[in-house]
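> Submitted below is the structure of interest, expressed as structure tokens.
The values are calculated or read from the model by the stated rules, or taken from the named source; none is laboratory data. Here the structure is a predicted model, which means the values were calculated and not measured. Cβ placement follows ideal geometry from the backbone for every residue including glycine, while neighbour counts extend to all protein chains displayed.
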Amino acid sequence: MPQTEDGRLFRETWIAGVRAHFPGEPKPGYVTPWEDTPEWERQAAAAVQGQVRQFLLVSEGHASRLSREQKGWFVATCWTAQMFKHFEAPKPGYVADWPDLPDWQKETDSDIFEAVEKSIE
């Protein structure tokens, strides 16, 4: 799967997760369609999805046995690394530790991992 499609799957899953889990009306930037997503964010989404896919492949599928929380935590950690790559001083919310993330974001990150799992089954 090309990287642009990786990023698109990540972004579409993110938007669906935000719509499902965010309390109230999400910020417009949370649900910006792929076509309007900034290039740095497309690159970050593609990289994280690629990391999740590779993680599943090198574990020979056994990473699918992680708990839902562990799956989301992995996505969040990969995203944090991308934020440090793309920004000299990222916003604190972009690099918050897993325990400090809001529940809606944890659920959405877990959804992303599971979407990647399904894409390679």
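> Would you check if residue 40 is aromatic (Phe, Trp, Tyr), over 11 Å from the mean Cα position of the chain (by Cα) and within 16 Å of residue 94 (Cβ to Cβ)?
Yes.
> Within the group 50, 7, 72, 29, which residue is modelled with pLDDT under 95 and crowded, with 17+ Cβ neighbours inside 10 Å?
Only one candidate passes the filter, namely 7.
> Looking only at segment 20-74, count how many residues are of a type in the set (A, V, I, L, M) and closer than 16 Å to residue 8 by Cβ.
Count: 7.
> Considering only helices (runs of 4 or more DSSP H) fully contained in segment 19-121, which possess at least 2 residues that are touching a Gly at 6+ places or on another chain (Cβ under 8 Å)?
39-58, 103-120
> While we're looking at this one, here's another question. Restrict the check to segment 89-107 and report whether at least one residue is surrounded by fewer than 17 Cβ atoms within 10 Å (Cβ to Cβ), within 10 Å of the chain's Cα centre (by Cα) and free of Cβ contacts under 8 Å to residues at least 24 places away in the same chain.
No.
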